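Heads up, the thing below is written out as structure tokens.
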Amino acid sequence: MSKKRGLSLEEKREQMLQIFYESQDFYLLKELEKMGPKKGVISQSVKDVVQSLVDDDLVLRDKIGTSVYFWSLPSCAGNQLRTTYNKLESDLSNSKKRYMELLEQRDDLKRGREDTDEREDALEELKAVELRHKKLKEELAAYADSDPSALEAMKDATEVAHSAANRWTDNIFTLQQWCSTTFPQAKEQLEHMYKE
């Protein structure tokens, strides 16, 4: 005694489509839920199956008043397949055209780049110039510490730091004077703290 195996989602979709194609009629969801079990689709899964068919444009849905009607005609599926086929054919021809353009462009770029002695000499000269450029960049990086703009920036930073140090020194002396005048009885303790 083996248990009866349920239908897969794809099989359920096929069975629901058969309901539409055989009758070529319009249905409410409740009607489909009653007809589904006759085709082997349990009524609880009819709504999900029909919704997946609607999402894939295999079944059409329209709301009329308060009711939602579902339908699908074999000619609609044929039209959809033809449209998809035409789109794929168009994409294929565009891709072939683009491929041919790229081949022509590649051939155009290859012209003038044939391996000749003159080209090899030019490539060697280019490598030598690039190597010289790299060495000069490294040498320039070694002298970066003596760069006039870097020295000017350091000089400006030093001036800013010096003025900040002077400002904080002035602030400290101002605070010491205020403490001495405000707390004259603690003058010895403040003097000792200032030295620390």
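The values are calculated or read from the model by the stated rules, or taken from the named source; none is laboratory data. Since this is a predicted model, take the numbers as computed values, not measurements. Ideal geometry is used to build each Cβ from the backbone, glycine not excepted, and the neighbour counts take in all protein chains shown. Ligands, DNA and RNA are stripped out before the accessible areas are found, and what is left, the full protein with its side chains, is counted by its heavy atoms. Shrake-Rupley method; radii C 1.70, N 1.55, O 1.52, S 1.80 Å.
Counting Lys and Arg as +1 and Asp and Glu as -1 over every other residue whose Cβ lies under 14 Å from the Cβ of residue 97, the net charge comes to -2. Taken per residue, the accessible surface of the chain reaches 85 Å², heavy atoms only and a 1.4 Å probe. The convex hull of the Cα atoms of region 48-99, projected and averaged over all directions, covers 5.0 nm². Within straight-line reach of residue 135, meaning a Cα separation under 24 Å, sit the following lysines at least 8 residues removed in sequence or on another chain: 127. Residue 71 sits among other residues whose Cβ lies under 14 Å from its own Cβ, and their net charge, with Lys and Arg +1 and Asp and Glu -1, is -3.
In the chain, Cα pairs under 8 Å separated by at least six residues give a relative contact order of 13 percent. Full extension of the chain between residue 147 and residue 167 yields a length gain of 4.2 nm, computed as 0.36 nm times the residue separation minus the alpha carbon distance. As an exercise, identify the trypsin sites (Lys or Arg not before Pro) in region 85-160 lying in DSSP coil whose Cβ has no more than 10 other Cβ atoms within 10 Å. Hits after loop and neighbour filter: 111, 113. Each of (1) -0.74, -1.04, -1.12; (2) -0.37, -0.87, -1.14; (3) -0.47, -0.87, -1.03 is a candidate for log10 I(q)/I(0) by the Debye sum over Cα atoms at q = 0.10, 0.15, 0.17 Å⁻¹; the one calculated from this structure is (1). Of the residues 100, 16, ranked by 1.4 Å probe accessible area with the largest first, the sequence reads 100, 16.
The Cβ shell under 12 Å around residue 39 holds other residues with a net charge of 0, Lys and Arg each +1, Asp and Glu each -1. Between 0 and 90 degrees, the angle of helix 117-142 with respect to the longest Cα principal axis of the chain falls at about 50 degrees. In terms of accessible area, using a 1.4 Å probe and ignoring ligands and nucleic acids, 172, 19 rank largest first as 172, 19.
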